[in-house]
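Written below as structure tokens is the structure these notes are about.
No value in this document is a laboratory result; all are computed from the given coordinates. Everything numeric here is computed off the predicted structure, so don't read it as measured data. FYI the Cβ positions are ideal-geometry reconstructions off the backbone, even for glycines, and counts take in every protein chain you see.
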Amino acid sequence: MDTMLHISTLHYLVLGAALFLLGVIGVLTRRNVVIVLMSIELILNAVNLNLVAFSHYWQGIQGPNALHGQVFAIFVITDAAAEAAVGLGILIAFFRNKETINVDEVNLLKW
Amino acid sequence: MQPIIDYIKSYLDSNQTPGGAGNVFWAFVYILLVFVGLSVAVIAMNWLERKILAHMQVRLGPMRVGPHGLLQPIADALKLLLKEDIIPAEADGLVFWIAPFIVVLAAFTVFVVVPFGPTHAITDMNIGILFMLGVSSLSVLGIVMAGWASNSHYPLIGALRSSAQMVSYEVAMGLAVVSAILMTSLNDSGTGTLSMIGIVQAQQAEGVWFVFKFFPLGLVAFFIFAIAMVAETNRAPFDLPEAESELTAGFHTEYSGFRWSLFFLAEYSAMIAVSSIAITLWLGGWLRPFPNWLSGSVWTLVFNLFPGITFLFLAGLCFYNVRRMPKHPYFKIQTMGLAGFGGLLGLIGLFLFVPAVFTRVQDIYWFSIKVAGFMYLYIWYRGTFPRYRFDQLMKVGWKVLLPTGLTVLVLTALAGFLDPYAYLEAWLKRLL
Amino acid sequence: MTPVATPFFFYLLSGTMLIGGILVITRKNAVHSALALIATLLAQAGIYLMLYAPFVAGVQIILYAGGIMVLFLFVIMLVNIERTQKERQFNKQWLVGVVAAGALGGLFIAIYTKGKGIFPDRVMPPSNLEASNVQQVGALLYGPGTGQYMFAFEIASLLLLVAIIGAVVMAKKRI
């Protein structure tokens with residue numbers, strides 16, 4: 001009970017791991033491309049949570065300027081934006097060709 | 001009982017915002033005050049918009065419901081509350097219900113950091129301006145959901161156009177905001193601040209409102225923000241997504257009764273919120289005009305009397321219109337109502353002449369007067385400008401405001417670094 | 001300002017995130033998944049605030065919830081086909097996927113139970129951490145003596161330029 005009430009870094013890491021698992025399940029099992037892309041965003045968010053949790057941990061030890069985790073998290077968010085834009089552009093281009101948004105119908109190599 | 005009273009009193013001694021002092025009770029009191037003030041402001045805006053627009057169009061506006069239509073907003077609110085709640089048959093129930101909720105939430109949460117005075121904000125976040133821009137961009141989500149959930153093509157096109165417009169003008173707004181934030185870093189330590197109270201204190205420390213700093217640059221940045229904020233709140237002349245002659249009311253076509261009034265409330269609150277951003281960043285927030293040029297105890301007293309004079313002026317307008325009322329017995333109740341309202345305003349004005357009151361109310365008064373000026377500008381734009389076509393709107397946002405914003409940003413950074421006005425003064429001194 | 005009721009807020013926000021995550025991967029309707037993801041992202045911004053990272057929280061709200069999710073909703077509305085809601089939602093190898101994710105979960109559990117001693121009790125941070133967070137992040141990014149991430153910043157802006165051009169080229173109509 002005491003472990004559950006005193007929120008330490010481990011709590012945030014476990015939360016990040018749980019989100020990561022949910023994202024991985026979404027990527028591996030869903031057919032709808034947009035939902036796969038949204039699961040990838042979940043994975044990126046789980047990684048960000050880990051980074052910021054560790055930055056908070058090191059701030060307690062090294063002093064208030066150990067913000068490397070937060071800066072890295074900002075860069076990850078920027079990359080996620082770029083990747084979402086490009087991914088959705090590819091999705092639109094493919095949708096115009098084949099009129100489907102299910103990933104397992106994208107099997108043009110299989111005649 | 002005593003510890004509770006001590007808790008309540010301990011905030012009054014500390015010189016901080018309730019969020020900074022960690023005092024939950026006073027935070028709730030401030031939140032309630034902001035909520036009530038915002039509702040009163042929206043009601044007043046409703047009446048003012050109809051009357052001022054009418055007078056600009058050489059007609060009278062609502063005159064019947066109360067004296068000079070003063071009770072018209074109450075009649076409107078009653079009608080909207082009692083109207084039948086119609087939901088389209090194929091509409092997505094959950095999304096249809098949640099969309100006005102998100103727009104109102106985004107419009108009201110912004111007011112957590114708006115500074116009415118050096119300690120009169122609900123809290124002072126370190127990321128104040130970033131928080132305001134971010135939360136006001138959440139209202140785009142609500143609009144997109146409203147248009148999609150209505151399951152009909154007019155709202156869908158209206159929602160897509162409206163959200164494309166809002167997202168485009170957010171870029172220009174962000175650039176203008178950054179060039180104002182750059183000006184806060186011209187102090188000794190060389191670090192600026194994103195906190196709203198810190199920005200106004202930087203204007204106080206540098207002795208000049210940012211709209212007049214580095215002469216044309218602050219002004220151009222302010223104009224970019226002033227145009228972008230009108231487009232951001234979907235108001236004329238950028239109101240194609242909700243124009244009645246074009247799209248039958250756009251994304252809120254299928255909403256009726258109370259749900260529509262939530263959109264309406266959110267639109268006016270968003271107008272007040274972005275005006276607050278403009279006032280805090282460029283027009284000096286709660287600072288009175290000419291603090292250095294017209295300083296001294298006499299001028300301070302004159303400016304301190306402005307709140308009372310404003311209310312007495314409004315009371316005078318009421319009594320003048322009482323004299324102009326028709327002398328027919330059917331108008332007796334309206335005349336008495338108007339005289340009573342004028343009396344109330346006069347009493348408030350006289351109350352504001354008490355020195356203990358006007359020193360406390362100064363900051364809030366100057367902030368509110370500037371917001372009122374911006375609201376008048378919004379109504380003036382609606383009565384004057386023709387509507388932009390959608391492609392012209394996007395062209396202005398991306399091809400005119402964005403390059404201008406970037407140029408102003410680079411020039412402001414250069415000016416802050418090189419300080420051209422100091423060189424100019426030194427050169428003129430050597431010359432003369 | 002001392003933190004108050006930390007376990008309550010942590011469990012509330014993390015519960016919202018986990019429920020939102022489960023809703024994202026199980027809803028038939030893509031718009032409902034997007035709404036659940038918005039709830040998850042906003043709860044995550046709250047957790048960032050608890051971790052004394054207000055700037056990252058602000059960036060999360062503006063970029064993720066206010067930008068990326070609007071993009072997702074636009075594209076969902078453009079490619080929304082009614083028939084996909086009546087088809088199968090999970091693909092043929094869902095069992096293998098769940099087993100693989102379960103193995104990964106087992107790995108995480110093994111790491112976090114065996115390695116509990118590596119993360120000792122969080123040292124209480126000094127209380128004014130949030131009053132200067134933006135300035136410190138700025139110092140780390142651009143500061144004259146301490147700025148280490150300036151090059152990464154420039155590369156990130158180049159990346160965004162490439163992404164803009166790429167997305168426009170791929171999504172526009174054929175000439």
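In percent, how large is the relative contact order of chain A, given Cα pairs closer than 8 Å and 6 or more residues apart? Relative contact order, chain A: 26 percent. On alpha carbon coordinates alone, what is the Rg over Rh value for region B:220-373, Rh being the Kirkwood radius? Ratio of gyration radius to Kirkwood radius for region B:220-373: 1.08. Residue-wise HN-Hα couplings along region B:387-399, as the Karplus relation 6.51 cos²θ - 1.76 cosθ + 1.60 with θ = phi - 60° gives them from phi, are 6, 7, 6, 5, 6, 5, 4, 5, 5, 4, x, 8, 8 Hz; Gly and Pro carry x. Distance from the C-alpha centroid of region C:41-111 to that of region A:48-105: 11 Å, rounded to the whole angstrom.
If you wrap region B:1-82's Cα atoms in a convex hull and average its projection over all directions, what's the area in nm²? Can you show the working numbers first?
Values: hull surface 36.3 nm².
The number I arrive at for region B:1-82 is 9.1 nm².
Cβ crowding within 10 Å ranks B:MET45, C:MET150 as C:MET150, B:MET45, fewest other Cβ atoms first. Counts of other chain beta carbons within 10 angstrom of each beta carbon in peptide B:138-145 average 5.
Enumerate the lysines that C:LYS173 could reach by cross-link, defined here as Cα to Cα under 22 Å, with residues fewer than 8 away along the same chain left out. Counting by Cα, and skipping residues close in sequence, C:LYS173 has these lysines nearby: A:LYS98, B:LYS395, B:LYS399. For the pair B:PHE290 and C:ALA131, label points projected 7 Å from Cα toward Cβ lie 3.7 nm apart. For chain B, averaging the sequence separation of C-alpha pairs within contact (under 8 Å, six or more residues apart) and dividing by the residue count gives a relative contact order of 20 percent. Springs between Cα atoms under 10 Å define the GNM used for chain B, and in it the highest mean-square fluctuation of B:LYS399, B:LYS332, B:LYS213 occurs at B:LYS332.
Return the average number of partner chain Cβ atoms within 10 angstrom of each residue Cβ along peptide C:154-164. Please list the in-between numbers first.
Numbers: counts 0, 1, 5, 1, 0, 6, 5, 1, 2, 10, 3.
Counting Cβ atoms of other protein chains within 10 Å of each residue's Cβ and averaging gives 3.
Among the residues of A:36-46, the average count of other protein chain beta-carbon atoms within 10 Å of the residue beta-carbon is 5. Spin-label model, C:VAL4 to B:TRP398: label points 7 Å out along the Cα-to-beta-carbon direction sit 4.8 nm apart. Helical runs assigned H by DSSP (4 residues or longer) give chain B a calculated mean residue ellipticity at 222 nm of -22500 deg cm²/dmol, each run adding -39500 (n - 2.57) before division by the residue total.
Which of B:VAL208, C:VAL24 comes first, and how do the rest follow, when ranked by fewest Cβ neighbours within 10 Å?
Numbers: B:VAL208 15, C:VAL24 27.
In increasing order of surrounding Cβ atoms, one gets B:VAL208, C:VAL24.
Here the Karplus relation 6.51 cos²θ - 1.76 cosθ + 1.60, evaluated at θ = phi - 60°, turns the backbone of region C:131-139 into coupling constants of 6, 9, 4, 4, 5, 5, 4, x, 5 Hz, with x for every Gly and Pro.
With the convex hull drawn around the C-alpha atoms of chain B, the volume per residue stands at 199 Å³. Charge tally around A:GLY26: other residues with Cβ under 14 Å, Lys/Arg +1 each, Asp/Glu -1 each, net +3.
Let me check against my output: what whole-number percent is the relative contact order of chain C, with C-alpha pairs under 8 Å and at least 6 apart? That works out to 17 percent.
Along its principal axes, the protein assembly as shown has C-alpha extents of 89, 70, 61 angstrom, given from the largest down. Please find, in a Gaussian network model of chain C (springs between Cα atoms separated by less than 10 Å), the residue of C:ALA57, C:ALA45, C:ALA152 whose mean-square fluctuation is greatest. With Cα springs under 10 Å in chain C, the top fluctuation among C:ALA57, C:ALA45, C:ALA152 is at C:ALA152.
Once you have the alpha carbon radius of gyration of chain C, what is it after dividing by 2.2 N^0.38 Å, with N set to its residue count?
On the way: Rg = 20.9 Å, N = 175, 2.2 N^0.38 = 15.7 Å.
Compactness ratio reported: 1.34.
Among B:335-346, B:230-241, C:11-22, sorting by the average number of other beta carbon atoms lying within 10 angstrom of each residue, highest first, gives B:230-241, C:11-22, B:335-346.
Counting each pair of different Cα atoms once, what's the Kirkwood radius of region B:362-432 in Å, rounded to one decimal?
Details: mean 1/r = 0.0604 Å⁻¹.
It works out to 16.6 Å.
Normalised by 2.2 N^0.38 Å, with N the number of residues, the alpha-carbon radius of gyration of chain A equals 1.41.
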